[in-house]
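The values are calculated or read from the model by the stated rules, or taken from the named source; none is laboratory data. What you see is a predicted model; the values in this text were computed from it and never measured. Here Cβ is always computed from backbone atoms with ideal geometry, including for glycine, and neighbour counts include all displayed protein chains.
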Amino acid sequence: MRRIITATVQNRSGVLNRITGLLQKRQFNIESISVGRTEVEGVSKITIVVDVDASQKLEQVTKQLNKQIDVLKVSDITDKAIVARELALIKIVSNSQLRAEIQGIIEPFRAIVIDVSKDSLSIQVTGKSEKVEALIDLLRPYGIKELARTGLTAFQRGQQPQALQENNSFSLLN
Amino acid sequence: MVKTKIKYEDQEQVVKKTPKTGADLLIESLIDAEVDTLFGYPGGAVLPIFDALYKVKESFNQVLARHEQGSIHAAEGYARVSGKPGVVIATSGPGATNLVTGIADAMMDSLPLVVFTGQVAQGVIGTDAFQEADVMGITTPITKQNYQVRSIKDLPRVVKEAFHIASTGRPGPVVVDIPKDLAANPCEDHYDTDFNLPGYQPTIKPNPIQIKKIGEVLATAKKPVILTGAGIVISKASEEIKAFVEEHQIPVASTLLGLGAFPGEHPLFLGMAGMHGTYAANKAIYECDVLINIGARFDDRLTGNLDHFAPSAIVAHIDIDPAEIGKNVTTHIPVVADAKLALNKMLKQIKATGDYGEWVEHVERNKQNFPLWYNNPETDMIAQWVIDQVYKTTKGDAIVTTDVGQHQMWSAQYYKFNKPNRWVTSGGLGTMGFGFPAAIGAQLAAPDDTVVAIVGDGGFQMTLQELSILQERGLPVKIIIVNNAALGMVRQWQEKFYEKRYSESVFSIQPDFVKLAEAYNIKGAKIDNQADLAKKLPELIAYDGPVLIDCRVLQQENVYPMIAPGKGIHEMIGVKP
């Protein structure tokens, strides 16, 4: 199953290495990972999408991450009410005749054209991974020259529905 | 420049008074951390540090091993026996990479180490400079935490943090990588050492609700067993475990590293469990209805096939490391806590209401009927008998160190430890060459105790260069080489599982270990029969100085009982008929 795990960490050299290293050592496949600074100085947030096959293994990922000295908090937010977004840059083969047609395709996705050249067009799209996938699939027939994706970044919504909040505790302390 | 005269031994030297450097600051930090023994090996990148050490020679007991691996295993032995962090200093590049085995070993066996490595100067880091290695990258997966100091103002704080992290919670190795320029350059007198580790707050107090649950299952249990692990030794909870076991009359099985946590000669002690555990201990775990694991991590060598491990038990697991709970064995009552605090709470909160009389009779019958056993030949020696003799001669009171393999398992089986911190072995990583240097560290930590290094002829040859230290430091370590001219455990597996194809496991040539000892100015003895050993061992153990005893034992002996790989804990072979 695909899980979205967020970790807030001390922004210290080697932290990312320690986290990816431990995931690799314990044989967890990283689907995507994104890192950036947060509202607190010296604290970064890592969003990891991992593929795990058993809940016992999932518990191990969160515990092993939590165990790291520089990791402040680990949450598996997959089953929570979350906002999750990624950004993709897609460069496709295009010419002046095709531009309008492509514009028509990307508009419902709220994607925008960010660069135009004689024979190519660069598009920026943000959203859930599924939406990004869908747009990529639609654009593929035109010929994708280059594709870059940031990977997912996510956090919990301001308000959580009551029922969902209960079933995601892996704490041993209660 | 002010010139002061420092008198050292016979030579008079003139040392220029120089401004304080990063290296001086490091030394001050070590003194603040109450370090008394240093296992260091000099080299280019740590020249400033060793220069600073030279000026404060009397502050530390500095031990120069002959290989960095020797330094770190000695530090591990020191840590295991003293309970304090072992401190190692090595140079950059090869100095640091030679420590890797010891760091990984300490990580697996939860030993507190603070390891300082020199690094090339900051200006050339990343340029593949002479003796540069990516120590941070190499040691990340095998350390509890690692640091590269990049600003001198961080150094005292980092050192303080390193000692704190290494020795609290679940102990482990911490590496501090120090670029040469930081150590060499002048610095200010004082920097702030306050640290804040919001991501590191180990839970040490047990949740009373969980302790209550243990009480509830014990009240209705018929066949409970306690499994003692190294966590009890680390948290110094031997008194507490003994009190709890005696009050409740629950039989005890131990892990390899837990030996000594509970008295080995106690009537309720069933022995070590696991691959080469006793019949009584393994059978008790297989049959029990409640299993209370205190400070063990359910290692695969203990559990065997997980499907058959304590199959009908309610499992309670007390561990300071939450990640260990539920990792291998499904746990019904998780308790994240320090073993001592948990046991204290259990003593207070859980009253002895259960009646396990029948069960105790049953497991003790197993203990009587199926003890560890060996067929002793007429005159030749076998390793089991040799270790039994060592046990009897030292009255079970020696500090024993081992490598990994047959001699280790036989030591665990036949040497009964009644006290904690006297059993120093490489458990998780299973490191050959560990035992002898570890004995050096153990002897330094406990100068008045008898320290016996029981080592294999294979493992000893991996780190025998440390013989130099014994005479140099006047350490009366007793080395017992269990010499079967083979890599015994490899040979055993080849015999059992590879149709006796003894691929590279039997030595065709052996050094003359006695001459080797003499080359290092150490008393050596070669013994190849029972009568000789029985006669000479007491005086060799009592000898006031280091001794190497080359015990020639029969090669074909195997360690039994044994759980074959993939088999359950109840499927032992080689149980006493």
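Observations on the model:
- Test: B:Leu533 is of a type outside the set (Phe, Trp, Tyr) and within 27 Å of the chain's Cα centre (by Cα): no
- Residue within the stretch B:351-365 that is among the small types (Gly, Ala, Ser), away from chain A (no Cβ under 14 Å) and touching a Phe, Trp or Tyr at 6+ places or on another chain (Cβ under 9 Å) present: no
- When B:Val233 is tested against (1) hydrophobic (A, V, I, L, M, F, W, C); (2) buried (at least 23 other Cβ atoms within 10 Å of the Cβ); (3) farther than 30 Å from B:Thr353 by Cβ, only condition (3) is not met.
- Selection of the stretch B:144-168 for residues being more than 14 Å from B:Ala33 (Cα to Cα), more than 9 Å from chain A (Cβ to nearest Cβ) and not hydrophobic (A, V, I, L, M, F, W, C) yields B:Ser151, B:Lys153, B:Asp154.
- Candidates B:Ala52, B:Ala75 - the one that is touching a residue at least 12 places away in the same chain (Cβ under 8 Å), in a helix (DSSP H, G or I), within 18 Å of B:Leu155 (Cβ to Cβ) and assigned by TED's automatic domain parsing to the domain that holds B:Glu161: B:Ala52
- Pairs, first not assigned by TED's automatic domain parsing to the domain that holds B:Ile138 in the stretch B:93-119, second part of a helix (DSSP H, G or I) and surrounded by fewer than 24 Cβ atoms within 10 Å (Cβ to Cβ), C-beta under 6 Å, six or more apart: none
- Helices (runs of 4 or more DSSP H) wholly inside the stretch B:471-577 containing at least 1 residues that are more than 21 Å from B:Lys395 (Cβ to Cβ) and polar (S, T, N, Q): B:488-497
- Scan the stretch B:116-139 for residues that are within 14 Å of chain A (Cβ to nearest Cβ), surrounded by fewer than 22 Cβ atoms within 10 Å (Cβ to Cβ) and not hydrophobic (A, V, I, L, M, F, W, C) and the total you get is 4.
- All positions within the stretch A:106-130 that are modelled with pLDDT under 95, assigned to a helix (DSSP H, G or I) and surrounded by 14 or more Cβ atoms within 10 Å (Cβ to Cβ): A:Ser129
- Among the residues making up the stretch B:159-190, those that are free of Cβ contacts under 8 Å to residues at least 40 places away in the same chain, surrounded by fewer than 24 Cβ atoms within 10 Å (Cβ to Cβ) and not hydroxyl-bearing (Ser, Thr, Tyr) are B:Glu161, B:His164, B:His190.
- Strands (runs of 3 or more DSSP E) wholly inside the stretch A:1-88 that include at least 3 residues being within 14 Å of chain B (Cβ to nearest Cβ) and touching a residue at least 40 places away in the same chain (Cβ under 8 Å): A:2-10, A:71-76
- Residues being more than 8 Å from chain A (Cβ to nearest Cβ) and of a type in the set (D, E, K, R) - total across the stretch B:304-335: 3
- Test: residue in the stretch A:78-85 that is farther than 24 Å from A:Glu31 by Cα, modelled with pLDDT under 95 and touching a Lys or Arg at 6+ places or on another chain (Cβ under 9 Å): no
- Residue list for the stretch B:448-461, restricted to those being in contact (Cβ under 8 Å) with a residue 24 or more places away in the chain and surrounded by fewer than 22 Cβ atoms within 10 Å (Cβ to Cβ): B:Asp449, B:Thr450, B:Gln461
- On the stretch given as the stretch B:37-82, residues that are hydroxyl-bearing (Ser, Thr, Tyr), under 21 Å from B:Lys180 (Cα atoms) and surrounded by 24 or more Cβ atoms within 10 Å (Cβ to Cβ) total 1.
- Residues in the stretch B:191-206 that are within 14 Å of chain A (Cβ to nearest Cβ) and either surrounded by 11 or more Cβ atoms within 10 Å (Cβ to Cβ) or within 15 Å of A:Lys73 (Cα to Cα) (or both): B:Phe195, B:Leu197, B:Pro198, B:Gly199, B:Tyr200, B:Gln201, B:Pro202, B:Thr203, B:Ile204, B:Lys205, B:Pro206.
- Annotation note: Cβ proximity below 7 Å between a residue of the stretch B:203-229 that is more than 18 Å from B:Lys242 (Cβ to Cβ) and a residue that is among the charged types (D, E, K, R) and at pLDDT 95 or above (sequence gap 6+ or interchain) occurs for B:Ile204/B:Asp338; B:Pro206/B:Lys345; B:Pro208/B:Lys345; B:Ile211/B:Lys345; B:Ala221/B:Asp289; B:Lys222/B:Asp289; B:Lys223/B:Glu287; B:Lys223/B:Asp289.
- Cβ-Cβ distances below 6 Å connect the following pairs, each with a first residue in the stretch B:269-283 that is more than 18 Å from B:Pro224 (Cβ to Cβ) and assigned by TED's automatic domain parsing to the domain that holds B:Gln249, a second residue that is β-branched (Val, Ile, Thr) and not in a strand (DSSP E or B), and a separation of six or more residues or different chains: B:His276/B:Val559; B:Tyr279/B:Val575.
- All positions within the stretch B:541-577 that are more than 26 Å from B:Ile469 (Cβ to Cβ), β-branched (Val, Ile, Thr) and surrounded by 15 or more Cβ atoms within 10 Å (Cβ to Cβ): B:Val553, B:Val559, B:Ile563, B:Ile569, B:Val575
- The single condition among (1) in a helix (DSSP H, G or I); (2) without any contact (Cβ under 8 Å) to a residue 12 or more places away in the chain; (3) touching a helix residue (DSSP H, G or I) at 6+ places or on another chain (Cβ under 8 Å) that B:Met346 does not satisfy is (2).
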